[in-house]
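Right, one structure below, let's go through it.
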Amino acid sequence: MRNSTLVLKLEKHLICIGLIAAAYIVAMLFVNSVVVPLQNSFVPGITSFAALLFPAHGIRVLSAWMFGWKSIPYLVCATLAADTLLTSKFAAANLQLVYTTLLTSSVAWISLQILSLGGIKIAVGEKHVSLSTWRLLLLVGFISSLLNPFGHNYVLSGTLLPEHTFLTLAAFVIGNTTGTVFCFATLMILFRYFGSSHDEA
């Protein structure tokens, strides 16, 4: 009985990791195939630091909201899997990449804790979802986008800041925030589409 319970829990965790990894891979393919080529045409100097539309950040925010602290190991596994698959290299072999992955996987959860300390808690569950919920999650995306570049600078030992302070900050904040909005808007459209299709059926 105990073993079957452990197996069910493990399966649940693996499903969560798989779903997040799939969403992350789709988001990164979109960034690499669409966003980066367009960005290289207009603002090539910023592309080396960050994408100006990064929907993967929205996945981090949603994961942190839905799964709490468990989102951190989920996102770490999903991100490393996506990086390994898309780059054809074993991402975990790069220690610096592991550190940045830990950072990006935790900033949304940390932002939620900051809001919670300020008395703002975002309830989880379909019945709690409202326009206010999406606004608060966008705030989480914005706060975590501010934490991101400073954390990257610490991990990368000054590679990004202070020489490129403004560009890096702006790129991260704009990319992560617009990416979160894009991610949420895409999900809403998909939910409405599948919802209407289900009603018609």
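Each reported figure results from applying straightforward, stated rules to the coordinates on display, with no laboratory input. Values in this document were obtained by computation on a predicted structure and should not be read as measured data. All Cβ positions, glycine included, derive from the backbone under ideal geometry; neighbour counts span all protein chains shown.
For the pair Leu86 and Ile114, a Förster radius of 30 Å applied to the C-beta separation gives a FRET efficiency near 0.45, rounded to the nearest 0.05. Overall size of region 103-149 from C-alpha positions, given as principal axis extents largest first: 34, 17, 15 Å.
From most to least packed by mean Cβ count within 10 Å, the peptides 116-124, 30-38, 175-183, 72-80 give 175-183, 72-80, 30-38, 116-124.
By how many nm would the segment from Val26 to Lys70 grow when fully extended, if each residue of separation counts as 0.36 nm and the alpha-carbon distance is taken off? Working shown, then result.
Working: separation 44, 0.36 × 44 = 15.84 nm, distance 2.16 nm.
Result: 13.7 nm gained on full extension.
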